[in-house]
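These notes concern the structure reproduced below.
The values are calculated or read from the model by the stated rules, or taken from the named source; none is laboratory data. This structure is a prediction, so every number in the text was calculated from the model and none was measured. With ideal geometry, Cβ positions are generated from the backbone for all residues, glycine too; neighbour counts draw on all protein chains shown. Just the protein is used for accessible areas: all its heavy atoms, side chains included, with ligands, DNA and RNA removed. Shrake-Rupley method; radii C 1.70, N 1.55, O 1.52, S 1.80 Å.
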Amino acid sequence: MAGPRTIARTRSGTPADGPSLTPEGVDPGRRIVGIDIARGLAILGMFTVHVQFFGTGGEDVGGTAGALLSAPGGRASVLFFLLSGVSLSLIAGRGSVSAAAGVLRRRGFALLAVGLVLSTSLIWSGSILEHYGVMFLLAPWLLPASDRMLTTLGIGGIVLGPVALLILRPFTGDVEGLSDGAIGGVIDISWSLGVDGLYPLLVWFGFFAIGMRIGRLDLRSRRVGASLLAVGAAVAIAVPVVVHQIEDAGMLGTGGGEASLSGDLTEAEKEQLKSDEDFGLDDFDEAADRDPEQLLDTTEHSGQTAWALQASAIAMAILGAALLLPRRGQRLLRPIAAVGSISLSAYLIHIVLVTDVWDYLTVGSDWTVREQIGILIGLELALVIICTAIVWRWGSGPAERVLRGISRR
């Protein structure tokens, strides 16, 4: 079996795409533009879900606009994470110094530190960078893995990771009780990263591993792009159908911890049970937290198996569609590709635009929801223009340059 340094090369022998977080400044003709476009879409999708609309007079975002604005929720970040695994395999496949173990570990520590600063200082509580950091720290052990092992790890994280969360999350309160002192702080942070945070790595490392496996394919081949699109779309469509069938058949239980504990109680008695600790609220909550029917939840960031399967399938389909774009389509979407090619800088810029510009313009204002949507579109266009200008002028982003300097020192 070919090693990871040879698998990611194209059939013509041309080295594949460079990494998203640390562009190598290679000839743009050697980059796979479709990957940059997919990554740029992921950034813009996260931008969309990270803003909060402040409706006036009880307004809400509904209809087609509401559906479009909520569509990236719990999906754009999965695409972003999966593509980081793709990029890691690609840089290893072309023998770049960026895939050296020491470089990966220093990059991992840097991303972990930046992410923790953002999240613990409450600047950006939903930071994904520290999770990237952990995966880069693990990368030296993942790169030598066989294709079969990466596939097994990916499917295991997506399918079995949520089962592990069901078992472990009820112990979160006990772990928080240990968070005194330096050692307790490390335990608390590790638990948050792996189990109880927004991006629990017990599940999310599966997206990264699947991305690494995809990165070993010939991503310049239209057949590979078509396969990713077809398989991803088929699984994404099949998941809700299968979930519905399982729920109708009652294969995972009666429908929740409440039913399993309360039996034939009336609705009023159930409400009393839920509101009075003397009637066993703690036992009720623990059983509800471990109810296997939760695994069928497709709600964004639920961390459940059905959501993980559908979100990863959608990410594969989007990547496949981006790879299949004709040259004219790629040229039209070059500005979005620019966002994806300097994704670390773009991610940090979008934090500034959300926390400073968006909040300044919308919090406490009397803008209508429609006007706020216009503001959001304007800010996303500003991000695209800024990133395009940076790529045109310097080739790589400032954050990428700093990270490359730290990781190669």
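Of note:
- Inter-label distance, nm, simple model (7 Å from Cα along the C-beta direction), R290/R408: 5.2 nm
- Estimated at 0.36 nm per residue, the fully extended path between L160 and I377 surpasses their Cα-Cα distance by 74.3 nm.
- The calculated FRET efficiency for R331 paired with I123, based on their beta-carbon distance and R0 = 35 Å, is about 0.45.
- Listed peptides 87-99, 328-340 appear in the order 87-99, 328-340 once ranked by packing, highest mean of other Cβ atoms within 10 Å at the front.
- Taking 0.36 nm per residue of sequence separation and removing the Cα-Cα distance, the W392/A226 pair yields an extension gain of 56.7 nm.
- In this structure region 289-409 gives 49 Å² per residue of accessible area when probed at 1.4 Å with all protein chains present.
- Using a probe of 1.4 angstrom and keeping all protein chains present, the accessible surface of region 111-204 works out to 47 square angstrom per residue.
- Inter-probe distance in nm under a simple model that places probes 7 Å from Cα toward Cβ, at W367 and Q245: 4.6 nm
- In this simple spin-label approximation, D359 and T151 carry label points 7 Å from Cα along the Cα→Cβ vector, and these lie 4.6 nm apart.
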